[in-house]
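Right, one structure below, let's go through it.
Coordinate-derived values only; no laboratory data. It should be emphasised that the depicted structure is a prediction, and the values quoted were computed from it without experimental measurement. With ideal geometry, Cβ positions are generated from the backbone for all residues, glycine too; neighbour counts draw on all protein chains shown.
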Amino acid sequence: MKIYSSDIQSPLITVITVCRNPGPALQNTINNVLALSYPRIEFIIIDGGSSDGTASVIKKYAEQLKYWVSEPDNGIYDAMNKGWVKADENSYIIYLGAGDMLSNLPAPGAINADVIAGEVQIGTKFLFKSKTGLRLKLGNTLHHQALLIKKSIHPSAPFDTMFPTYADFDFNQRLLRSGVSISIDPGLKAYAAEGGVSSSFNRKESLSVVAHNFGWFYVTLAMIYYSLRHEI
């Protein structure tokens, strides 16, 4: 475990990385997280039993990690649930995939909502800016690489693995529905590698998430919204 300073006045942040056979991309994320200057950070790595030597890479940093494991899992959201359970109950949790990086974290005094959402540069082509309200009822307008979530608002593992592509969207909608405070802060910035489990739009599953959380009226609105965005 590594906490970068004894400044107990700053909110604790837990960075969780889940991966399987990530190759050299994981090293980039490890270097990024360990170099962050934020006062209090803990780092968790959940590896899905990689066969490419990933466990050997992780072991080099074992003393700087709060927790790590390399074992088979039941997919990305099962691995993300494992990480969530191991995070400190008083921390804010953020997920980075292998190859993703945090560019900037908010000042400690600015971390005062239940959820802090920022901006994600996706590859070299697209800047994702978080949105909430009606837009989040229709599509996933929060990106986990720039999303700090206070664990105490949902202590148990949050991702429903019945949604293999959009369990994070489902959780984001449940957070909105529950009325937690969500702050949009452009001071939270991340870089995400292109690709990933949700890089190709799964219209059917996205609509299933909307139906599950907000009902068929919002499914109708979402269908119109997706058509306008050419996500068909």
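If you take every DSSP beta bridge fully contained in the chain, what fraction is antiparallel? Give it as a percent rounded to 5. If we restrict to bridges inside the chain, about 35 percent are antiparallel. Seen through its C-alpha gyration tensor, with square-root eigenvalues sorted a ≥ b ≥ c, the stretch 52-95 comes out oblate because a/c lies at 1.5 or above while a/b is not bigger than b/c.
Annotation: lysines with alpha-carbon distance below 26 angstrom to Lys86 (same-chain offsets under eight excluded): Lys2, Lys59, Lys60, Lys66, Lys150, Lys151, Lys189. By its C-alpha gyration tensor, with a ≥ b ≥ c as the square roots of the eigenvalues, how is the stretch 13-199 shaped: rounded for a/c under 1.5, else prolate for a/b larger than b/c, else oblate? Note, shape of the stretch 13-199 comes out rounded. Neighbour counting of Cβ atoms within 10 Å sorts the residues Arg40, Arg135, Arg174, fewest neighbours leading, into Arg135, Arg174, Arg40. By the rule of a C-alpha distance below 28 Å, with chain neighbours fewer than 8 residues away ignored, the lysines paired with Lys204 are Lys82, Lys125, Lys129, Lys131, Lys137. In the stretch 19-121, how does Rg compare with the Kirkwood Rh, expressed as the Rg/Rh ratio over alpha carbon atoms? Result for the stretch 19-121 is an Rg/Rh of 0.95. Estimated at 0.36 nm per residue, the fully extended path between Ala25 and Thr220 surpasses their Cα-Cα distance by 66.2 nm.
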